[in-house]
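Asker: The structure follows.
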2 protein chains.
Amino acid sequence: MRITKTFAETRTATAGRVGLVPTMGFLHEGHLSLIEAARDGSDTVVMSLFVNPLQFDRDSDLAKYPKDLERDVDLAAAAGADIVFAPEADEMYPGEQLTRVNVNRLSDEMEGPNRPGHFEGVATVVAKLLAGIQPDRSYFGRKDAQQLAIVRRMVSDLSFPGEVLGVPIVREAEGLALSSRNIFLSVEERAAALTLSRGLLAAGDLAEAGERDAGRLIAAVLVEIGTAPDISLEYVTLASQELVQPLDELDRPAFLAVAAWSGGTRLIDNVHFDGDEAGFVADRGSRLKTKSILYGGEG
Amino acid sequence: MRITKTFAETRTATAGRVGLVPTMGFLHEGHLSLIEAARDGSDTVVMSLFVNPLQFDRDSDLAKYPKDLERDVDLAAAAGADIVFAPEADEMYPGEQLTRVNVNRLSDEMEGPNRPGHFEGVATVVAKLLAGIQPDRSYFGRKDAQQLAIVRRMVSDLSFPGEVLGVPIVREAEGLALSSRNIFLSVEERAAALTLSRGLLAAGDLAEAGERDAGRLIAAVLVEIGTAPDISLEYVTLASQELVQPLDELDRPAFLAVAAWSGGTRLIDNVHFDGDEAGFVADRGSRLKTKSILYGGEG
């Protein structure tokens, strides 16, 4: 395992089919599942690790974003990464970043209006990683459903040759979707947060049983969240996987996504529906059997 | 010489160091000088040929843009191109182009406000060509001075590994900068248009003689243009090569650029000033000895 600091060094260190896993570090089993997926189809697996200031809409969120390079490098190596590309801010943004990449329409809903500039920052930094590393495949978690759709569209619209793969959500044993931000949750906030995944998985059952009405799928989530009086909801939306446009009916590949605050921590979660009108399958993700490495355990 | 229609086919057809010359076709000696420059440092020279609708701010301009693929392919081959990449619109824009690349600040002045959306269209299509073809070097004419600055910044900001080279303007024997649009000029309009290059070259002489004041350099251009009552001027501006910001004084690498209409044809021209405060050299470009191939001659 090698640590690189520049794009040029990273390109030189890669050979054969290159799989890229972009992360902001403070790894959990969700990231490790991306590395494992990349390991499967690649000769060289590069995990990038960069806390991208461009995509933070709140300075406070950027300031408190957890960091531990040594821990991340060990975890990435154990999961099968060949290279950890951990650039300094000077390599990523040597001057003022005047060039910006926007994916119109797909940024209009859900996270877009709630996090001004966020997706411009994501699209711009991912374009840099793809241009600078030239991977054959890149791997993104389905947890950031809208981000995944935006990256897919950007790669296709900008004629990048690489393929984008979406990897299922990894959940804690009780269902909470893994996120580096989960470490900020108190015991009570964590209990309340469980209503998000519980509601989404209930809606997944409904959809697999034939429910197509967005209102009723959303209601299944709201009912669960309603049992936790301390959750502050931002949205529950059913949207198309391709264009992230809200749907009245589940009639194409879609995802049902929720964003909410539990205490001072903003959480997102979703269930993807794959298939077509003949039948949809809910992607419930996978569940850890033990406590996540986020909490200092050994996984 | 090979003609390719898709990015994938083009990547497969290239080997070794790849030099890219992006064009919109209807070639003249200016384009050929780009191919010759690329020939020098490349194993494979790719000339792309695509009239990019995204960068036309006026439909009438797009509709009447001259096209002749057979002629262009012959000329490119003779000049040393290995591949002409001539995609259909469906390959470049298979769906709605939702992803847009903008280079902020550098688009604010000169051509920017006069041609809304133009540089977004240019930056987006050049990003696609670089992402899809992965050249080691790409070659752009200095005639489109602001475009060259924007492409340079985009390549650096988006961490594309390739180098961008600017190639001097090629002028007709009387000084008129070559442009595919010159074929639309009547005899009188062409005579009037000559005042642009005459003014710019006079300003070049002044700068080399030590003049640093932007107002006086601009005045030298205005005096010449003033002798042709039928020219409708859009701007004469001295701007920095790096950020395309208007300068009061020639105190860094810069270009003095003019845009004007002669009859129904919009023309641009410029002189680049290279060097530093110790002394600047004006890039006057090169001059054809015979009539340009634009007019149906053999060069």
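Asker: With respect to the numbered conditions (1) surrounded by fewer than 17 Cβ atoms within 10 Å (Cβ to Cβ); (2) of a type in the set (A, V, I, L, M); (3) within 14 Å of another protein chain (Cβ to nearest Cβ), which one is the sole condition not fulfilled by A:V151?
Answerer: Every listed condition holds for A:V151 apart from (1).
Asker: Then there is this: Take B:V164 and tell me if it is of a type in the set (A, V, I, L, M), closer than 21 Å to B:H272 by Cα and in contact with a Ser or Thr (Cβ under 6 Å, 6 or more places away or on another chain).
Answerer: When the stated conditions are applied, B:V164 passes them.
Asker: Every residue in the stretch B:114-137 that is surrounded by fewer than 24 Cβ atoms within 10 Å (Cβ to Cβ) and of a type in the set (D, E, K, R), please.
Answerer: The answer is B:R115, B:E120, B:D136, B:R137.
Asker: To continue, here is another question. Where in the stretch B:1-107 are there helices (runs of 4 or more DSSP H), lying fully within it, with 2 or more residues that are more than 13 Å from chain A (Cβ to nearest Cβ)? I'd like the intermediate steps shown before the answer.
Answerer: Working: elements: B:7-13, B:29-41, B:59-64, B:69-79, B:89-92.
Filter on the stretch B:1-107 gives B:29-41, B:59-64, B:69-79.
Asker: Could you say whether any residue in the stretch B:110-121 is within 24 Å of B:G19 (Cα to Cα), touching a helix residue (DSSP H, G or I) at 6+ places or on another chain (Cβ under 6 Å) and not in a loop (DSSP other than H, G, I, E, B)? Break it down stepwise before answering.
Answerer: First pass over the stretch B:110-121, keeping only residues within 24 Å of B:G19 (Cα to Cα): B:119-121.
Next cut, touching a helix residue (DSSP H, G or I) at 6+ places or on another chain (Cβ under 6 Å) only: B:119, B:121.
In the following step, the residues that additionally are not in a loop (DSSP other than H, G, I, E, B) were identified as B:119, B:121.
Yes, the conditions are met somewhere in the stretch B:110-121.
Asker: Among the residues of the stretch A:33-82, which ones are crowded, with 23+ Cβ neighbours inside 10 Å, within 18 Å of the chain's Cα centre (by Cα) and touching a residue at least 40 places away in the same chain (Cβ under 8 Å)?
Answerer: Correct list: A:L34, A:I35, A:A38, A:V46, A:S48, A:A76.
Asker: Please name all residue pairs, on different chains or six or more residues apart, with Cβ atoms under 6 Å, provided the first residue is in the stretch A:16-29 and is over 16 Å from A:K64 (Cα atoms) and the second residue is charged (D, E, K, R) and in a loop (DSSP other than H, G, I, E, B).
Answerer: Between residues of the stretch A:16-29 that are over 16 Å from A:K64 (Cα atoms) and residues that are charged (D, E, K, R) and in a loop (DSSP other than H, G, I, E, B), the close pairs are A:G16/A:D43; A:R17/A:D43; A:R17/A:D136; A:V18/A:D136.
Asker: Just to check your reading of the model, which residue among A:T237, A:T227, A:T195 is among the polar types (S, T, N, Q), over 24 Å from A:Q147 (Cα atoms) and either surrounded by fewer than 20 Cβ atoms within 10 Å (Cβ to Cβ) or at pLDDT 95 or above (or both)? Even if it seems obvious, please write down each step before you answer.
Answerer: Numbers: A:T237 fails: over 24 Å from A:Q147 (Cα atoms); A:T195 fails: over 24 Å from A:Q147 (Cα atoms).
Checking each option against the conditions leaves just A:T227.
The values are calculated or read from the model by the stated rules, or taken from the named source; none is laboratory data. None of the values given here were measured: they were computed from a predicted structure. Positions of Cβ are generated from backbone atoms using ideal geometry, with glycine treated the same way; all protein chains shown enter the neighbour counts.
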